[in-house]
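Chemist: So that we are looking at the same thing, I have put the structure below in structure tokens.
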Amino acid sequence: MHAMTEDELRDSFVNAAPDELRLVEPPHDFVLTDWDHLDFLAWRDPRTRGRGYLVAERDGRPTGIVLRAADGSSSARAALCNLCHTMQPADQVALFTARKAGPAGAHGDSVGTYMCADLSCHENVRLAAPLAPNEVRASVDSRIDGTRRRTEAFIDSVCGVHA
């Protein structure tokens, strides 16, 4: 990713109302971000329970979406993150929804997917050892590429872009 300022970060959100943009709290270590080694930026809002943010480059520009984590828990013992394809204990994966951008979002349309509850997908795909005994790992490079593609596809679905 290319480096960005806090203003550029706020301007990147495609599904946020003006009131929501004022509430966006960048990650606490934002000024220390190593942009050259980031495929995307994702974090949970420390002040607002259930809110998260995901920013990735699309067509050379940062595109951000505001996420909402579903309340409740699953009775499953394990769950798969749909972005990084990491198998984790069920309480470490959450359903996140995002209001669609533009008129569709204004009418209440949203999309959702299961993600790592702490939005740590970027780090999880770089782990060399499997996180679960029965998990089969592809090469780290292919996992990084797959996570990036799935993240971009999720952002595209929020933006109403169809592949």
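Taken together, the values in this text are just the output of simple stated rules run on the coordinates, not laboratory data. Every value quoted in this text rests on a predicted model; they were computed, and no experiment measured them. Here the Cβ is made from the backbone with ideal geometry for all residues, glycine too, and neighbour counts use every protein chain on show.
Chemist: Quickly work out the ASP59-to-ALA104 label distance, labels modelled 7 Å from Cα along the C-beta direction, and quote it in nm with one decimal.
Modeler: 1.5 nm
Chemist: So how tilted is helix 140-159 from the main axis of the chain? Cα-based, degrees 0 to 90, rounded to 10.
Modeler: Its long axis makes an angle of about 40 degrees.
Chemist: Report the gain in length on full extension from GLU20 to ASP91: 0.36 nm times residue separation, minus Cα-Cα distance, nm rounded to one decimal.
Modeler: Values: separation 71, 0.36 × 71 = 25.56 nm, distance 2.70 nm.
Value of the extension gain: 22.9 nm.
Chemist: Gain in length, ARG77 to ASP29, computed as 0.36 nm per residue apart minus the alpha-carbon separation, to one decimal in nm?
Modeler: On the way: separation 48, 0.36 × 48 = 17.28 nm, distance 3.24 nm.
Length difference between fully extended and current span is 14.0 nm.
Chemist: While we're looking at this one, here's another question. Could you calculate, for the chain, the ratio of the Cα radius of gyration to the Kirkwood radius, expressed as Rg to Rh? It would help to have the intermediate numbers written out before the result.
Modeler: Working: Rg = 15.4 Å, Rh = 16.3 Å.
Reported Rg/Rh (Cα atoms, Kirkwood Rh): 0.95.
Chemist: May I ask you to sort VAL24, VAL93 by Cβ crowding, counting other Cβ atoms within 10 Å and putting the fewest first?
Modeler: Values: VAL24 18, VAL93 22.
By the 10 Å Cβ count, ascending, the order reads VAL24, VAL93.
Chemist: Please return the longest stretch of the chain lacking exposed loop sites, where trypsin sites (Lys or Arg not before Pro) count only if DSSP places them in a loop and at most 10 other Cβ atoms lie within 10 Å. Mind dumping the intermediate values first?
Modeler: Details: sites that count: ARG47, ARG49, ARG77.
Longest site-free region, per DSSP loop and neighbour criteria: 78-163.
Chemist: Going by C-beta contacts inside 10 Å, put LEU21, LEU80, LEU9, LEU32 in order with the fewest on the left.
Modeler: Details: LEU21 13, LEU80 16, LEU9 19, LEU32 7.
In order of increasing Cβ crowding within 10 Å: LEU32, LEU21, LEU80, LEU9.
Chemist: Using label points projected 7 Å from each Cα along Cα→Cβ, tell me how many nm separate ARG149 and ASP118, to one decimal.
Modeler: Computed distance between label sites ARG149 and ASP118 equals 2.8 nm.
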